[in-house]
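A quick write-up on the structure given underneath.
The values are calculated or read from the model by the stated rules, or taken from the named source; none is laboratory data. Because the structure is a prediction, the values reported are computed rather than measured. No Cβ is skipped: glycine too gets one built from the backbone with ideal geometry, and neighbour counts run over all protein chains shown.
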Protein chains: 2
Amino acid sequence: MGARNRPSSEPRVPLSRERVLRAAVAIADEGGVRALTMRRLAEQVGAEAMSLYHHVANKEDVLDGTVDLLIGEINEVVDRFDPPAEPADWKKAVRRRVLAAREILLRHRWAPALFETRSAVSPQVLRYHDGLIGLMRAGGFSHDLCHHALHALGSRALGFAQELFDPSGAGGGEESVAELEAMAERFPHLVGMLAEVAHDDPDSTLGWCDDQAEFEFGLDIILDGLDRLREAG
Amino acid sequence: MGARNRPSSEPRVPLSRERVLRAAVAIADEGGVRALTMRRLAEQVGAEAMSLYHHVANKEDVLDGTVDLLIGEINEVVDRFDPPAEPADWKKAVRRRVLAAREILLRHRWAPALFETRSAVSPQVLRYHDGLIGLMRAGGFSHDLCHHALHALGSRALGFAQELFDPSGAGGGEESVAELEAMAERFPHLVGMLAEVAHDDPDSTLGWCDDQAEFEFGLDIILDGLDRLREAG
DNA sequence: ACCTGAACACCGTTCAAGT
DNA sequence: ACCTGAACACCGTTCAAGT
């Protein structure tokens, strides 16, 4: 669209891997990963689709690259954080890093799903986890416990968790209230839980949970559990 | 392939949604989700691609259906489990269910990644979680804590967790040992941890972790944390 | 009711040719 | 060195036509 009307004042910006990847993120932000095609990507940077192949190996490389780019953004933010004042503050420091990562990824909703599909090890992901280990080591973790900790946290370390019930999917609208009664026979415990949770908070149904609060709840359970193991030695 | 040589003795099995979905699982088992195309699926059931559309709405429906089918398998298994002998055994019961689910999903490595992309609520997923809530309620959980618990568990409830470092990816081979030294400067904590973990278990590098043990470690941290919250009331 | 062939509008990617 | 048009081998899906 905007590729044609380039003012003659600014010279034609040459293509580069960086520029291609930033364009890829912009496209996915607007229309999801499905909208991210090589042809659309070329259009975004004002070139032909085949020109992209001089700067990225193929589409897989583009996807790997966008992941790396986003985690790079996260690293830029968390690297600026002050180190914890005392060793016992490791938990506070890790928590802050994870929530900062989450804040950035929340601006790129398509990214978490993409992570799962990437098998290439992203240097930026390595750097992020290296920082986490550093905090835990300073807080008194053994290398072995660090290792377990990374596995236990999994994708939560980067600020996201797989939501099996999508808020945007079916089940959050008004009709679901009526449907709930019909479902009560098949899923008594689930409907019972929802009825009570919804009673406490009228806005809350399965699709209307407070994602942020629930994420922090799960994160804290894990961090507290790790802290207890660290104390036990 | 095998669609042509149908012995005349057995009559032509008519197409059905169930048969299509089972074929879809078989294809994904063999070649991953990428191999699962409508044309390949048609071939597998011995029909033309367009015939599929009389039994499934579209490809999205096929993907939703395979997820539902797999969780259905899980439900069949866990529904046969005996209820816990005493209320305090809720944790043992939940643990057993989760590990049973994991056992089944490990036979379909492509499934977890697919889950993340599904927004439709699968009836079988609802049924599975309904059962989990039932166990927790019997164990003394409030509805509110059940709700938090499901969020905290996330995909772990179904027996999988996002592995950010893929064992099959780069980093597990012999060359990685040499690479580790070069990486030591950039990722000192990570390399330090790996060096020590590898010392304890020579086979173990970042790509060679004991997935099952690490999954259970994370699961137990969460279950223990929930138990503590339940006791606290 | 169920199945099919041809066709449409897309993909990612290769190749030979341009500057 | 960087970019491009045409072309290839695929996709999912629609449509009109068959039994």
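Let's see how each residue does on (1) within 30 Å of B:G225 (Cα to Cα); (2) modelled with pLDDT of 95 or more:
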| residue | (1), (2) |
| --- | --- |
| B:A28 | no, yes |
| B:T66 | no, yes |
| B:N75 | yes, yes |
| B:F81 | yes, yes |
| B:A85 | yes, no |
| B:W90 | yes, yes |
| B:A93 | yes, yes |
| B:A100 | yes, yes |
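The numbered conditions (1) in contact with a helix residue (DSSP H, G or I) (Cβ under 9 Å, 6 or more places away or on another chain); (2) at positive phi are all true for A:G46 except (1). Considering A:A120, A:A101, the condition of being of a type outside the set (S, T, Y), within 16 Å of DNA strand C (Cβ to nearest atom) and touching a residue at least 40 places away in the same chain (Cβ under 8 Å) is satisfied by A:A120 alone. Only one of the numbered conditions (1) in contact (Cβ under 8 Å) with a residue 40 or more places away in the chain; (2) farther than 17 Å from A:D68 by Cβ; (3) facing chain B (nearest Cβ under 9 Å) is violated by A:V125, and that is (2). Each residue in segment A:52-62 was checked for being in a helix (DSSP H, G or I) and more than 9 Å from DNA strand C (Cβ to nearest atom), and 1 pass. Just so you know, in segment A:30-49 the residues that are more than 22 Å from A:A120 (Cα to Cα) and in contact (Cβ under 8 Å) with a residue 24 or more places away in the chain include one that is nearest to DNA strand C (Cβ to nearest atom), and it is A:E43.
Screening A:F215 with (1) at pLDDT 90 or above; (2) closer than 30 Å to A:L69 by Cβ; (3) at the interface with chain B (Cβ under 7 Å from one of its Cβ atoms) gives one miss only, at (3). The single residue among B:R39, B:R102, B:R34 that is part of a helix (DSSP H, G or I) and more than 15 Å from DNA strand D (Cβ to nearest atom) turns out to be B:R102.
Report the residue count in segment B:165-185 for those that are facing chain A (nearest Cβ under 7 Å) and either at pLDDT 90 or above or within 18 Å of A:D144 (Cα to Cα) (or both).
Count: 1.
For segment A:135-144, the set of residues classified as surrounded by fewer than 20 Cβ atoms within 10 Å (Cβ to Cβ) and within 25 Å of the chain's Cα centre (by Cα) consists of A:R137 only.
Annotation note: Cβ proximity below 8 Å between a residue of segment A:50-79 that is within 14 Å of chain B (Cβ to nearest Cβ) and a residue that is β-branched (V, I, T) and away from DNA strand C (no atom under 12 Å from the Cβ) (sequence gap 6+ or interchain) occurs for A:L63/A:T117; A:V67/A:V125; A:D68/A:V125; A:L70/A:V25; A:L70/A:I104; A:I71/A:V125; A:I74/A:I104. Only one entry of A:V56, A:V98 meets the criterion of being β-branched (V, I, T), within 24 Å of the chain's Cα centre (by Cα), surrounded by 13 or more Cβ atoms within 10 Å (Cβ to Cβ) and within 18 Å of A:L223 (Cβ to Cβ), and that entry is A:V98. Evaluate segment B:63-77: report whether one residue or more is assigned to a loop (DSSP other than H, G, I, E, B), over 15 Å from the mean Cα position of the chain (by Cα) and assigned by TED's automatic domain parsing to the domain that holds B:H108. Within segment B:63-77, none of the residues are assigned to a loop (DSSP other than H, G, I, E, B), over 15 Å from the mean Cα position of the chain (by Cα) and assigned by TED's automatic domain parsing to the domain that holds B:H108.
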